[in-house]
1. Output the Cα-based Rg and Dmax of region 371-499 in Å, rounding Rg to one decimal and Dmax to a whole number.
2. Using the alpha-carbon atoms, what tilt in degrees (0 to 90, nearest 10) does helix 412-432 show relative to the longest principal axis of the chain?
3. Would you mind working out the accessible area per residue for region 5-86, using a 1.4 Å probe, and quoting it in Å²?
4. When the accessible area of region 245-358 is computed with all protein chains present and a 1.4 Å probe, what percentage of it is carbon and sulfur?
5. Quick one: accessible area per residue over region 393-498, 1.4 Å probe, rounded to a whole number of Å²?
6. Suppose every Lys and Arg Cβ carries +1 and every Asp and Glu Cβ carries -1, with no other charges. What dipole size does region 233-314 come out with about its Cα centre, to the nearest 20 debye?
7. Out of the trypsin sites (Lys or Arg not before Pro) in region 347-396, which ones are loop residues according to DSSP with at most 13 other C-beta atoms within 10 Å?
8. Can you give me the distance in nm between label points at GLN339 and THR101, each placed 7 Å from the Cα along the Cα-to-Cβ direction?
Amino acid sequence: MLSIRQQLQQIFTATIKEIHGVDTDPMLQPAGRPEYGDYQANFALRLAKTLQKKPFDIANAVITKLQASPLFAKLEASGPGFINITLKDTALENQLQKLMTQEHLGLIKTPHPDTVVVDYSSANVAKEMHVGHLRTTIIGDAIARILNFLGHQVIRQNHIGDWGTQFGMLIEHLIESHWQVHQTADLTTLYQQAKKRFDEDKIFAERARARVVALQEGDKKSREIWQQLVKHSLQYFQSIYQKLDVLLVEKDVCGESFYNDKLNALVTELQQKNIAAVDQGAVVIFLKDFFDPDGNPLPMLIRKSDGGYLYATTDLAAIRYRIQELKANRLIYVVDARQKQHFDMLFAAAQVAGWADNTIRLEHVEYGTVLGEDHKPFKTRSGDTIKLNELLAEAEKRAAALILQKHPEIAAEELAQLANRVGIGALKYADLRNDKAKDYVFSWDRMLAFDGNTGPYLQNAYVRIAAIFRKSPVDVQALDAVSLHISSPIEHILAVKIAEFPDVVSAIANHLHLHYLCDYLYDLAGLFHKFYEHCPVLTVSDTRVRDSRLQWCVLTARTLKLGLNLLGIQVLERM
Ligand code: ARG
């Protein structure tokens, strides 16, 4: 089933070709204002030069031809040559009646599924997850959900930091201080203690370095403790994922250690291919177009002169593995914008090495920093980083307080469930609604407000519709799709909006701008409230009108629910 926009795209493209003899994109977009109609087509300006005609005449010739189509109520050339398009109510009704019978509201699975690796969350073992891991986890999860829903094969990769020299000091400290790993509730303390000793005690530092060697050589005791650390951290990550309602599970973990035994051969191979070379004892890859701040060529360091490997070396092994073994043709890395240069260089290196040809799409989804209300990186009052589990607990606590105000009698169990959905939903939505490339200011009050572009506002819109269904004298599930009619201008606008849903979601699969879906849902909820103000649903006496209005409620509720779910946010029946 084609969306309205796809139908417009087809008919305009064909007509432009027929009338003007050129293949061109009609440049459609939703109209900016109701007085411009429902959609606009802006191709005429661009064709003026090629066709040596006035844009207005180009537009009008197409309009004359399209006038007879049952899709349009009105076509009008405006300005220098835009076409304002108003759809016919019957065309919209037909479309929505079809859409209603489909489980996915017109969203169809792609006929060309990609195999997509989404690298997200990727926290570090023996360290607590902090606010810096929030965005990658939330954004990555929404991307994974949307691509998966559209039929792509999504492989989630949690590229945890579970290898490296820091494990020497951690293991050594654990052994010497008789820590039991299962007692290390506070991983930060462990890390800080070990680091302090490492920095202050030269002899300990030496033993820690020897411990790294032992670990790498497979020493049994060192490995055992390392494994316990990893296991313990994974359990802890998993508890956070569960609270956050993200899809990551243990089988998605493919950490740095997984690539460790592949690094030697990788570096040798790159040297043999003359892609990497020894430079002052180290091994580097020289890449075009990368320079340090002084304008000198900036090589990618892949083996230090002491033989040690780097973050970049592991990522090279990972990118090769993902392309060659996992057979991915799209690789999405959801990582902090501060790592931009690392990924630019990584992608360039993968291309030079011949692993990524132009059929492989490589994307660094970079996101900005979470700022406090003082517009500085978000920290606790005392200046410490904010631990993720404390942040999540606070979101739930604040949501619970809001819910209790409305329902003082609520049972504890239901309260806990609602508080999780509202608190976590608010947190996720606040993150997703902003252009992810920008920094965003974290504000509890704003994200938990019941009005404005917030999670609770959208959840509340759903709750209000659910309440209408509970009071309805007819079973809304049993209503026939044909009962839906457009009988007011607000219903027309609502119809256009609902019909746009598949276009919004499928565009995101390409450009990954999740905030477009947030804005869409926010507009939809706003239109619904307007509709509900002007068109009483249950009190209207004509049952045909009532059933039709109930159908608007059904369609809106289903769209809100699916849209929020694709972002990883749950709806509720009451709050
Ligand atoms: N563990 C890294 C960090 O905390 C993020 C890893 C991102 N993924 C990757 N393939 N480099 O910064």
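The values are calculated or read from the model by the stated rules, or taken from the named source; none is laboratory data. Source: prediction; values computed, not measured. With ideal geometry, Cβ positions are generated from the backbone for all residues, glycine too; neighbour counts draw on all protein chains shown. With ligands, DNA and RNA removed, areas are computed over all heavy atoms of the protein, side chains included. Shrake-Rupley method; radii C 1.70, N 1.55, O 1.52, S 1.80 Å.
1. 19.1, 61
2. That helix lies at roughly 90 degrees to the long axis.
3. The answer is 52 Å² per residue.
4. Heavy-atom surface of region 245-358 belonging to carbon and sulfur, 1.4 Å probe: 48 percent.
5. 45
6. Taking the Cα centre of region 233-314 as origin, the dipole is about 160 debye.
7. Those that pass, being in a loop and sparsely packed, are ARG381.
8. Distance between the two pseudo-spin positions: 4.8 nm.
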